[in-house]
């Protein structure tokens, strides 16, 4: 009589379907417990009346969702979207050339990639504090500018939209560089040679061949920057002071200081729904895009 | 080939050198290519043929020497500044553009009017026998290897270049289609009058299509000539071995009173060879003889006046069109003789392994090799 383990393995071996499920089970279980269930709890909270001492009471209400459509919160939502969008664009403009150079530099490629990833070795919080030291009135940036004689008075850099944007871009730039790097690295060099031999000058070659073929990386990078930027709160909190609140700060506040969990949950869901709608709209648009364009 | 009233060459390489690190990829190559020629660069991998082509295309800059296209030195000109077009080994079709857009690419770069582009794309596709209505809107990913090859060809030809570079364009397609494409390329070359410069490692392909062939070895041109010159008069052992098959013999050259040259080794037989510049008294000389120029005879029946060696048949190999009779000759090794197959079922060869046999050939069929 073969052992239990033996028999289980034989059974799995004969059933590819069961085997696939068995392999999926651990990860799937993890996602159900730590992703799906919390989301469902949040959904439930967002639909329940607020308890007197925080928490919730039983019942169903849409008041938290309705409350979000207050001009005050809509202003925060608008700011969050605009800032995230601007941050994404700046990351793209700064990140694409970096990825391009890394791909081109055969010898230094690994070192440069290492440098791109290096910031992740320290916590984001510590790095954000470092940004404070850099940008505050008596910080390094101001003292350099003063010493160079470019300014007479220290500039107010910290707690301005600029400092928040700087923090966002700094924090998310690697997420833009890496996917673009990955798609550029796959680019077949003979395609570039073909373009050149067909008469494309460097500019045309870039816009007609390189850029379109690295578009998947650009899109992945933009999503990887835009979505976390929407939800970020640390940067706005530490570098923007209380003035530059983003949705992330609002949600965080509701869950901590304000102890209004239902409203925090509702705000989260609204942002989530907006992002999801945006991504789906994009995918739909991409599917409908004709695969080929005729020569008119 | 002599060009007594030769037109000006369209392509000239003048003592061109190109090294990568310590490797001399192209080592002092000089050659002229004339308008409308089908010119092949042939050689094993690493012989410098692809680097030579890339020097012509402008992807590489020569370390020394001159690359001249249409009479103009273009050493430092970028590919888009040269009057060339190219078909790549892996086709290099733009995966994000349709067949029509791929073919139109070069015309668009040249700011050709749209109406003209459409018409020329259509004509180019027809030229490579791709039905425009069927293929124009397809994406490269939806095509077979042979179809991609045709699109790549159309994309290069639509520009009506003076010079078309082809980098092993048929390497990745199957034998039957390859044969077909060989003939099509050759007829396109003649029809359009475009100069084709064709890189290949396939000697049969080069012999089939080329007007002239430059056989390359370790960065140098080992021999340059028409297919017949290269095949029937290989200059070096490398060429004799790389193009077709050859049996090699070597020995000391000596001049007879009759004026004939003999090549042989002391104590062994000697072979009569035709007059050749490399022959001087006492020189060590190698000769090559093609298997199909030899015959197998009974040792006592060798025709008078022919060179002959005697051994025993080691093996007979059936190749379809021909039979290879391999004769082991003591002191010389194996000699391969190609015999026409007249049908082994109806008229079988009268030889079998183990038979004593003589291999004989005419003195003029000896190719005296240099170096």
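The values are calculated or read from the model by the stated rules, or taken from the named source; none is laboratory data. Here the structure is a predicted model, which is why all the values come from computation and not from measurement. Every residue, glycine as well, gets a Cβ built from its backbone with ideal geometry; the counts of neighbours run over all protein chains shown.
For segment B:338-357, what are the residues that are surrounded by 14 or more Cβ atoms within 10 Å (Cβ to Cβ) and over 15 Å from residue B:299 (Cα atoms)? Give the derivation first.
Taking segment B:338-357 first, the residues surrounded by 14 or more Cβ atoms within 10 Å (Cβ to Cβ) are B:338-339, B:341, B:349, B:351, B:355, B:357.
B:338, B:339, B:341, B:349, listed by residue number.
Listed here are the residues, each with its yes/no results for (1) surrounded by fewer than 16 Cβ atoms within 10 Å (Cβ to Cβ); (2) assigned to a helix (DSSP H, G or I); (3) free of Cβ contacts under 8 Å to residues at least 24 places away in the same chain.
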| site | (1), (2), (3) |
| --- | --- |
| A:79 | no, yes, no |
| A:98 | no, yes, no |
| A:107 | yes, no, yes |
| A:112 | no, yes, yes |
| A:126 | yes, yes, yes |
| A:166 | no, yes, no |
| A:171 | no, yes, no |
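Could you go through segment B:19-35 and let me know if any residue there is part of a loop (DSSP other than H, G, I, E, B) and in contact (Cβ under 8 Å) with a residue 40 or more places away in the chain. If you could, list the steps in order and put the result at the bottom.
The initial filter retains those residues of segment B:19-35 that are part of a loop (DSSP other than H, G, I, E, B), namely B:21-22, B:34-35.
If we keep only those that are in contact (Cβ under 8 Å) with a residue 40 or more places away in the chain too, we end up with B:34-35.
Yes; the residues of segment B:19-35 include at least one that is part of a loop (DSSP other than H, G, I, E, B) and in contact (Cβ under 8 Å) with a residue 40 or more places away in the chain.
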Quiz item: Does segment B:51-66 hold any residues that are in contact with a strand residue (DSSP E or B) (Cβ under 6 Å, 6 or more places away or on another chain) and more than 18 Å from residue A:198 (Cα to Cα), and which are they?
Solution: B:51, B:52, B:62, B:63, B:64, B:65, B:66
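For segment B:48-63, give me each residue that is at positive phi and either more than 14 Å from chain A (Cβ to nearest Cβ) or in a strand (DSSP E or B) (or both). So that I can check it myself, show each step before the final result.
At the first step, the residues of segment B:48-63 found to be at positive phi are B:48, B:58.
Passing the criteria: only B:48.
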Quiz prompt | segment B:132-158 residues that are facing chain A (nearest Cβ under 9 Å) and buried (at least 21 other Cβ atoms within 10 Å of the Cβ), paired with ones that are at pLDDT below 95 and assigned to a loop (DSSP other than H, G, I, E, B) (beta carbon under 6 Å, 6 or more apart) | solution = B:152/B:91
Quiz item: So which residues in segment B:316-336 are without any contact (Cβ under 8 Å) to a residue 24 or more places away in the chain and either in a strand (DSSP E or B) or at negative phi (or both), if there are any at all?
Solution: B:317, B:319, B:321, B:326, B:328, B:330, B:333, B:334
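Output the residues belonging to segment B:69-80 that are facing another protein chain (nearest Cβ under 9 Å) and touching a strand residue (DSSP E or B) at 6+ places or on another chain (Cβ under 9 Å). Working first, answer last.
Within segment B:69-80, the first condition is being facing another protein chain (nearest Cβ under 9 Å), and the residues that meet it are B:78-80.
The one that is facing another protein chain (nearest Cβ under 9 Å) and touching a strand residue (DSSP E or B) at 6+ places or on another chain (Cβ under 9 Å): B:79.
Among the residues of segment A:228-244, is any under 26 Å from the mean Cα position of the chain (by Cα) and within 13 Å of chain B (Cβ to nearest Cβ)?
So far as segment A:228-244 goes, no, none of its residues is under 26 Å from the mean Cα position of the chain (by Cα) and within 13 Å of chain B (Cβ to nearest Cβ).
Taking the conditions exactly as written (over 23 Å from residue B:126 (Cα atoms), surrounded by 22 or more Cβ atoms within 10 Å (Cβ to Cβ) and more than 10 Å from chain A (Cβ to nearest Cβ)), does residue B:31 satisfy them or not?
Numbers: over 23 Å from residue B:126 (Cα atoms): yes; surrounded by 22 or more Cβ atoms within 10 Å (Cβ to Cβ): no; more than 10 Å from chain A (Cβ to nearest Cβ): yes.
No.
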Exercise. Give segment B:81-99 a look and list any residue that's more than 7 Å from chain A (Cβ to nearest Cβ) and touching a strand residue (DSSP E or B) at 6+ places or on another chain (Cβ under 7 Å), or say none.
Key: B:82, B:83, B:87, B:89
Practice problem: Might you check whether a residue that is within 28 Å of residue B:325 (Cβ to Cβ), touching a strand residue (DSSP E or B) at 6+ places or on another chain (Cβ under 9 Å) and outside any loop (DSSP other than H, G, I, E, B) occurs anywhere in segment B:253-260? | Solution: no
Quiz prompt | Unmet criterion (only one of (1) within 8 Å of another protein chain (Cβ to nearest Cβ); (2) not in a loop (DSSP other than H, G, I, E, B)) for residue B:66 | solution = (1)
Quiz prompt | Filter result for the condition that a residue is touching a residue at least 40 places away in the same chain (Cβ under 8 Å) and under 26 Å from the mean Cα position of the chain (by Cα), over B:339, B:359 | solution = B:339
Practice problem: Inspect all residues belonging to segment A:214-225 and state whether any of them is under 23 Å from residue A:132 (Cα atoms), under 26 Å from the mean Cα position of the chain (by Cα) and away from chain B (no Cβ under 14 Å). | Solution: yes
Exercise. Could you tell me whether segment B:177-185 includes any residue that is surrounded by fewer than 20 Cβ atoms within 10 Å (Cβ to Cβ), more than 17 Å from residue A:198 (Cβ to Cβ), more than 10 Å from every other protein chain (Cβ to nearest Cβ) and in contact with a helix residue (DSSP H, G or I) (Cβ under 7 Å, 6 or more places away or on another chain)?
Key: yes
Quiz item: Pick from B:56, B:70: which is within 20 Å of the chain's Cα centre (by Cα), assigned by TED's automatic domain parsing to the domain that holds residue B:90 and either closer than 20 Å to residue B:167 by Cβ or surrounded by 15 or more Cβ atoms within 10 Å (Cβ to Cβ) (or both)?
Solution: B:56
Quiz item: When you scan segment B:279-309, how many residues do you find that are more than 18 Å from residue B:262 (Cα to Cα) and assigned to a strand (DSSP E or B)?
Solution: 3
Exercise. Taking only segment A:177-192 into account, find how many residues are closer than 21 Å to residue B:57 by Cα, out of contact with any helix residue (DSSP H, G or I) (no Cβ under 7 Å at 6 or more places or on another chain) and assigned to a helix (DSSP H, G or I).
Key: 2
Quiz item: Out of all the residues in segment B:4-13, is one or more touching a residue at least 40 places away in the same chain (Cβ under 8 Å) and within 14 Å of chain A (Cβ to nearest Cβ)?
Solution: no
